[in-house]
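See structure below.
The values are calculated or read from the model by the stated rules, or taken from the named source; none is laboratory data. Here the structure is a predicted model, which means the values were calculated and not measured. Ideal geometry is used to build each Cβ from the backbone, glycine not excepted, and the neighbour counts take in all protein chains shown.
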């Protein structure tokens, strides 16, 4: 396992050093940044939904939030039984 981790880190560093500044590198990392921001916003909205579901009913519009909302409703109904 340690060898695989070292190999992974080596290949990641090699990718950064060899491809830094190329068009493909910039495209790849701009997509990574976009996806990070997208999922961070979704996570923030999920937190808002759990903090105040009356004011932020985000579970009605997002499938991921609806999944977590159903999990909490099922958990609450099982706890009350």
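Condition check for residue 65 on (1) at pLDDT 85 or above; (2) assigned to a helix (DSSP H, G or I): one failure, at (1). Among residues of the stretch 5-16 that are in contact (Cβ under 8 Å) with a residue 24 or more places away in the chain and on the phi > 0 side of the Ramachandran plot, none has a Cβ under 9 angstrom from a residue that is surrounded by 10 or more Cβ atoms within 10 Å (Cβ to Cβ) and assigned to a helix (DSSP H, G or I) at a sequence gap of 6+ or on a separate chain.
Checked against (1) modelled with pLDDT under 85; (2) assigned to a helix (DSSP H, G or I), residue 38 passes all but condition (1). Only residues that are more than 21 Å from residue 72 (Cα to Cα) and either loosely packed, with under 10 Cβ neighbours inside 10 Å or under 13 Å from the mean Cα position of the chain (by Cα) (or both) were counted in the stretch 19-39, giving 10.
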